[in-house]
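The structure appears below as structure tokens.
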Amino acid sequence: MIDDYREAAPLEIHDLTVAYQKKPVLYGIDLEVPKGSLVGIVGPNGAGKSTLIKTIMGLVPIGSGWIKIFGKSFKKAITRVGYVPQRESVDWDFPVNVLDVVLMGRYGRLGLLKKPSKDDKDIAMACLEKVKMSPYANRQIANLSGGQQQRVFLARALAQESDLYFMDEPFAGVDAATETAIIEILQELKNRGKTLLVVHHDLPTAKQYFDRLLLLNMRLVAFGPTEEIFTMENLQKTYGGRLTILSDVAVERNLGVKVD
Amino acid sequence: MIENFIPPFNFNDIFIEPWTYGFESYIWIFLMGFFVNAACGLVGNFIILRRMALVGDAISHSLLPGIALAFILSSSRSTTVIVIGAISAGLLTTIFIEYIYKTSRVKADAAIGIVFSTFFAIGVILITMYADHVDLDADCVLYGEIGFIPFDERASFAGINLGPIPVVRMAGVTIVVLLLINLFYKELLVTSFDVGLANSLGINTNLFHYGLMAVLSVVIVSAFESVGAILVIAMLIFPGATASLISHRLPITLGLSLFLSILYSLIGVHLAIWLNCSIAGAMVVVAGLIFTGVWLFNPTNGLIKKMGLTRKLTK
């Protein structure tokens, strides 16, 4: 706990606004994520979930406001941040094998002109072992299933040995076994004091997987411990009319939310 | 009837003479072809992986106004001036292409067409306007003739004759390209595969993008004055595309590109002697034939193998 006081929060966002060609996507986001939390970022399509992550990663320009990572700018804290992009964001026909992809996670620590060493390869192999993909180390990435691709991405993130992770829909289109494997690893990382922010699509599992939720719909609807945040009122605010399509009974059963 | 179109095949004339009596000429033509194919092919591997195959085509046309302007402004034909003109034109081309498709509804391929045809037209206007002062014409840039290489001025170092200047220059460019790929392999790999990750690793993706474009411009400009744009454009695509059908590991496709470069140049030279035709044209046709062969007959994923598999499965 002492660490929490000595060190700045892993992620602090103040009054962040982001716009794509004058059309605002995120408005006035204020946020402070405590160390060691596993945060699910939840919201409808077009709520700006991916944009929020991309903005923090410096991939989308900030309109106004600021973002601090461990009290520093993203550029200065870069080696402490790991990123798992959406699986579809890369060309899986690319001429590399599984181990090559995981080794990329080590590049940030190597710096210019240095090549991955034996140690880096050992770490990469150990990360593959963790996601149960080591038998596939020499396999061309085109010959992997969706779940296997996601595990390779996760292994790469592990190889980055970061303190703060951003993951964009790691559960999208994966099989049940992979989903369990991923959530186990996320839990383990959290228990080791890492901070994780995960974009998530599925409401029923969101409640189960994450200890904190960030409900987003262009504005920050709510952020805090899952038990406090996961209320019908907050979900209605986040999803607007879209949630009312479900009957109250179905909402109660599927989401475990008490409907008044 | 057919004899009117295809010259007789004489083994001695086609295979022996070039390497005996004609050695002094043909060795330089072969080497020039190899270095051009190799430099273009190595850079081309990364251009293809970044889905920018047509940008090479665009840059090779856009260089014309850059070089012409460099001549006119400095009234010198020094290599430095040409290279500076070429790099600026090449970088401006890529910057404009990106800017147009990012800030308008025009798609990337249309943006490429808009930028390079405008640049090329400006180049043609400049050359025709200042024709008296500029010792350069559009034809020579587009259809440079590799067959004239043996007659070029020789480069010498410490009294040793190294060979025709364009060949020595191209060899230097090839070595620099190899060196750069070796030094920055991991950055080139990750920026080509996953820009998001590369950024998050603290790699300056813009630097590598424009650096690659600058190298591409240098490769194109050092090649095409002597061999013509057609060979350059072809070799940016063929070695990488053919190698990617054979192997799925980047280091291997890079090595295969070098091997293919030798084949294109060697077979191309002999084909050109036999048919008494354009050497650069013959090299490109050889590249096209080798690609077709690999595409059809590749034992692991060739078209014929695939057709056989589907037939087996449907039976």
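Per-structure values
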item	result
For B:His61: the one exception among (1) crowded, with 22+ Cβ neighbours inside 10 Å; (2) modelled with pLDDT under 90; (3) within 16 Å of B:His209 (Cβ to Cβ)	(3)
Of the criteria (1) farther than 22 Å from A:Gln149 by Cα; (2) within 11 Å of another protein chain (Cβ to nearest Cβ), which one A:Ile53 fails	(1)
Options B:Thr191, B:Thr174: the member that is out of contact with any strand residue (DSSP E or B) (no Cβ under 6 Å at 6 or more places or on another chain), within 14 Å of another protein chain (Cβ to nearest Cβ) and not basic (Lys, Arg)	B:Thr191
Residue check, B:Leu212 in a helix (DSSP H, G or I), within 14 Å of chain A (Cβ to nearest Cβ) and either at pLDDT below 90 or within 26 Å of B:Ile82 (Cβ to Cβ) (or both)	no
Residue within the range A:106-122 that is surrounded by 15 or more Cβ atoms within 10 Å (Cβ to Cβ), among the aromatic types (Phe, Trp, Tyr), over 29 Å from A:Ile67 (Cβ atoms) and within 14 Å of chain B (Cβ to nearest Cβ) present	no
Cβ pairs under 6 Å, 6+ apart, first in the range B:244-262 and within 12 Å of chain A (Cβ to nearest Cβ) and under 20 Å from A:Val101 (Cα atoms), second of a type in the set (A, V, I, L, M) and in a helix (DSSP H, G or I)	B:Thr253/B:Ala243
Residue identified as within 14 Å of chain A (Cβ to nearest Cβ), among the aliphatic types (A, V, I, L, M), assigned to a helix (DSSP H, G or I) and under 23 Å from B:Leu31 (Cβ atoms) among B:Leu197, B:Leu180	B:Leu180
Verdict on A:Val25 being touching a Phe, Trp or Tyr at 6+ places or on another chain (Cβ under 9 Å), over 20 Å from B:Thr205 (Cβ atoms), of a type outside the set (Asp, Glu) and away from chain B (no Cβ under 12 Å)	no
Checklist (1) away from chain B (no Cβ under 11 Å); (2) out of contact with any strand residue (DSSP E or B) (no Cβ under 9 Å at 6 or more places or on another chain); (3) among the aliphatic types (A, V, I, L, M) applied to A:Val42, failing item	(2)
Test result for B:Leu256, modelled with pLDDT of 90 or more, touching a Leu at 6+ places or on another chain (Cβ under 9 Å), closer than 18 Å to B:Leu42 by Cα and in a helix (DSSP H, G or I)	no
Options B:Arg77, B:Arg51; residue that is at pLDDT 85 or above, of a type outside the set (Ser, Thr, Tyr) and outside any helix (DSSP H, G or I)	B:Arg51
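The values are calculated or read from the model by the stated rules, or taken from the named source; none is laboratory data. The structure presented is a predicted model; accordingly, all values stated were derived computationally and were not measured. Cβ sites come from the backbone with ideal geometry, for glycine too, and all protein chains shown count toward neighbours.
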